[in-house]
Amino acid sequence: MSIAPLDQENSEDQIVSRAAKSADRASEETKPVKRKRQSTSHLKAVPETLALREEMKAEAEKFVEHLDCANPFTKSTLEKWSRELLEQMNQPEKFLGFMMVLIGNFFWKRQFLAIPFERRLLLLPHCLKHAEGCPAEYDEFGLDCEKCGACSIADYKVRAEKLGYKVLVAEGSPVVLKIIIGGYVDGILGVACLNVLEKSIDKVLIAGVPSYAVPLHSGDCKNTKMDEPWIWEVLEDYRPLEEPLTRSYLPTMRAANSLFEENFDQILPPLRTKTEAAAQTPLGKTEAIAYDWLKHGGKRFRPFITLAAYDALIKDQTSTDDAEAGPTYPLGVQKAAMAIEVFHKASLIHDDIEDDDQYRYGQETLHRQHGTGMAINLGDYLIGIGYRLLNEARADIGAEAAADLVEKMAAAHIKLCEGQGAEMAWQDSQSFELAPLDALQIYALKTSPAFEAALYAGIRMTGSVGQYETLISSFSRHIGVGFQILNDLKDWRGDDNNKLITGQDALAMRPTLLLALALQTADEQQTADLKDILQGNPSDGMRIGRLRKIYQDCDVFTKAEALVDKSRARAEDLAESVENEDFKQLLKFFCESVLAEETPEAKPEPNVLMPLPMV
Ligand code: SF4
């Protein structure tokens, strides 16, 4: 059975359908191509001699003097610069990762040095510890060094703390980005191996967090070394700047975060939970749980999209920025940005019930904690809150803009439900007919409209969306579809914070693109095996291995990666076509951060910097 076409009369759906068809054609096009995502391990050598390391460092410093540092670099630009410099120096490609770190360092160094010591974070790797005799224990912040003096960690820690730094011995634990976005620190001085630093380029540098990295000489995680003077020369240096040299999205990320922290009560004042006692009553319970759910967990990416789009286009009119305090927004804009997150969180509650997911944000899902009936009610309640927030935004953004936002949110809401409904209908049908077109159509419905609505809201609140209407729809479609495919791939790498079990989506009989691609090329025996695996005993531990083997034999992962590349390329082309420089840079940032390249290591290290907020 194939999924029945969704309302083809509707022009927006036709766009979605065309997108899915085009992606489906793309998947056909990729069939003969043997595309393998390159491992980058051969590009992460560190020069053996100090003389060469120093020479490369000096050349990187000179190279950066000629760069335009107004915008944060993209990873591909950093790679291009690094290749250029290696070629100039006649050095081999194997030093690419090392050179990228050096150029990244000098790009940000001046701004890092302008951060007061007490606003800096020093991140030290636990692999510097004395491997045999270290008495320190680990806690949620990493290694709790006892300063026994057996390794250099104590020296750096003592000196840095004396200067005012916050210090973590963790290479980059999930708390790092929270610390930065929470406003506790403004920049990072990190010591890490090139594997970890490669990941942090995606996560931190392209967002505009001033950072300086000292690479370890090897990634062996045991008794490793570094060039100690490199850390001292930055650690103790402070040179203020009049104003930042490079645009950063950090202030906007913080503003999005503040909607759910210090500004929460102003945007969404408590009505039935004004006191602790009131929150415990049956009448206060719904508001208490719902507000708590809004305040805790989640990456606030949707409100960030809205505020960042607003920032990019309002700059053409009046600037509301204060260099010290960061951007400020009218209350109505904050309410609209919060509404986007409220709708998202409502949908997550219902989604978790429908899929009977056990964990969300590292805690039991709401229906597990409070029962299914209460959870359904909480989701419904939040939908009401979302529409109320949009209505309240009228006072600042005007009735017409508020009405347009309501229309956009309603459309996104309906499409999400259609996509989710199609997914469940396919699961119920127990059918094994699933074309890539079907899977991509579901993806386009489930993810892209929410991204589009968030982007639209930011632009609409600055005036007319006009010239951007079609562009943001297409852009969101490519970003949303690409993100969903990446998510499928991550499901097999087991690195999603909420999905601890590899292949979970596949075994739950979800109509994923990977399954569709497998069914498209599977022979009779493989199709029979797929049915046997997916309908088999859930406690059969061999199922994942068997499924992975079929996916590999059908070249599914390679084809899916090629489709992500296509989505990224199309989104980048659209971003490039935008004239407004701030908006163009923002769209490019979304391409880089939402569709971040994954290196092919199957098992990511547990202690890498937490990904930036994602769709
Ligand atoms: S100085 Fe700290 S990290 Fe190093 S061995 Fe001693 S307790 Fe462990």
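The values are calculated or read from the model by the stated rules, or taken from the named source; none is laboratory data. Just so it is clear, the model here is predicted, and its values are computed rather than measured. Every residue, glycine among them, receives a Cβ derived from its backbone with ideal geometry; neighbour counts consider all protein chains shown. Each accessible area value is taken on the protein alone, full model and side chains, heavy atoms only, with ligands, DNA and RNA left out. Shrake-Rupley method; radii C 1.70, N 1.55, O 1.52, S 1.80 Å.
General remarks:
- Unique match (being in contact (Cβ under 8 Å) with a residue 12 or more places away in the chain, open to solvent by 30 Å² or more (accessible area, probe 1.4 Å) and not aromatic (Phe, Trp, Tyr)) among GLN441, GLN484: GLN484
- Single match in LEU307, LEU313, LEU283 (criterion: part of a helix (DSSP H, G or I), under 20 Å from the mean Cα position of the chain (by Cα) and not assigned by TED's automatic domain parsing to the domain that holds LEU177): LEU307
- Look at (1) out of contact with any Gly (no Cβ under 8 Å at 6 or more places or on another chain); (2) open to solvent by 60 Å² or more (accessible area, probe 1.4 Å) and you find that ARG548 fails only one, number (1).
- For the criterion of being within 16 Å of the ligand (Cβ to nearest atom), closer than 30 Å to PHE63 by Cβ and surrounded by 15 or more Cβ atoms within 10 Å (Cβ to Cβ), ALA154 fails.
- Scan of the stretch 451-467 for residues that are open to solvent by 10 Å² or more (accessible area, probe 1.4 Å), modelled with pLDDT of 95 or more and in a helix (DSSP H, G or I), ordered by number: GLU452, TYR456, ARG460
- Every pair of residues 6+ apart whose Cβ atoms lie under 6 Å, when the first sits in the stretch 278-307 and is of a type in the set (Ser, Thr, Tyr) while the second is open to solvent by 30 Å² or more (accessible area, probe 1.4 Å): THR286/TYR381
- Only a single criterion out of (1) at pLDDT 65 or above; (2) surrounded by fewer than 16 Cβ atoms within 10 Å (Cβ to Cβ) is not satisfied by LEU78, namely (2).
- Listed by first and then second residue, the pairs linking a residue in the stretch 509-531 that is touching a residue at least 24 places away in the same chain (Cβ under 8 Å) to a residue that is assigned to a loop (DSSP other than H, G, I, E, B) and of a type in the set (Asp, Glu), with Cβ atoms under 9 Å apart and 6 or more places separating them unless they lie on different chains, are LEU517/ASP555; LEU519/GLU433; THR521/ASP555.
- Check on LYS166, modelled with pLDDT of 85 or more, away from the ligand (no atom under 16 Å from the Cβ) and open to solvent by 20 Å² or more (accessible area, probe 1.4 Å): yes
To keep it simple, each residue is scored yes or no on (1) part of a helix (DSSP H, G or I); (2) among the polar types (S, T, N, Q); (3) out of contact with any strand residue (DSSP E or B) (no Cβ under 7 Å at 6 or more places or on another chain).
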residue	(1), (2), (3)
VAL209	no, no, no
THR224	no, yes, yes
TRP232	yes, no, yes
ASP237	no, no, yes
GLU243	no, no, yes
ARG247	no, no, yes
PHE260	no, no, yes
THR273	no, yes, yes
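- Out of ALA410, ALA403, ALA422, ALA393, one residue alone is assigned by TED's automatic domain parsing to the domain that holds HIS344 and within 25 Å of ILE472 (Cβ to Cβ). It is ALA393.
- If you go through the stretch 532-543 and pick out every residue that is in contact (Cβ under 8 Å) with a residue 24 or more places away in the chain and open to solvent by 40 Å² or more (accessible area, probe 1.4 Å), you end up with 2.
- Selected residue (criterion: modelled with the highest pLDDT) from residues of the stretch 125-151 that are near the ligand (Cβ under 9 Å from one of its atoms) and in contact with a Leu (Cβ under 7 Å, 6 or more places away or on another chain): ALA136
- Of the candidates MET89, MET100, the single residue that is open to solvent by less than 60 Å² (accessible area, probe 1.4 Å), aliphatic (A, V, I, L, M) and more than 27 Å from the chain's Cα centre (by Cα) is MET89.
- Filtered residues of the stretch 551-581 (kept if closer than 19 Å to GLN484 by Cβ and either open to solvent by 90 Å² or more (accessible area, probe 1.4 Å) or of a type in the set (A, V, I, L, M) (or both)): VAL556, ALA560, ALA562, LEU563, VAL564, ALA569, ALA571, LEU574
- Single unsatisfied condition, LEU197 versus (1) near the ligand (Cβ under 10 Å from one of its atoms); (2) within 18 Å of PRO215 (Cα to Cα); (3) in a helix (DSSP H, G or I): (1)
- Taken over the stretch 468-481, the criterion of being open to solvent by 10 Å² or more (accessible area, probe 1.4 Å) and within 19 Å of PHE557 (Cα to Cα) is satisfied by HIS478, VAL481.
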